[in-house]
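Each reported figure results from applying straightforward, stated rules to the coordinates on display, with no laboratory input. What you see is a predicted model; the values in this text were computed from it and never measured. Virtual Cβ from ideal backbone geometry, glycine too; neighbours counted across all protein chains shown.
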Amino acid sequence: MLFRPIGSSTDAWKWSLTSQARPVGFNKQGFPTSGSEDTQRGARDALVAAWSQEEAFRAEVRADPRFGEMSVYMRGFIENGQPTPAKWSRDPT
């Protein structure tokens, strides 16, 4: 999202990873889930990097034997969280 902070004369691009899995009993390594960048490309790249870390965590959870014991809702959230690859391949306009 493009925004201009109050009192600033320059714009910045904000990004935020809002679809984060936090299943009980699994330790999740911390990583940035939001921030701002000077360019749209920079914000996109930061979001993709955060999403890659999120997907790596989800893969760990899916590989854990306890995954099958999770609620149907949580298993669906863990399995279906990733946007289609086409979403990341578009060039920002």
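Just a few scattered comments:
- Residue count, the range 1-58 (criterion: under 30 Å from Tyr73 (Cβ atoms) and small (Gly, Ala, Ser)): 12
- Residues satisfying the stated conditions in the range 5-23, i.e. closer than 24 Å to Pro65 by Cβ and in contact with a helix residue (DSSP H, G or I) (Cβ under 9 Å, 6 or more places away or on another chain): Gln20, Ala21, Pro23
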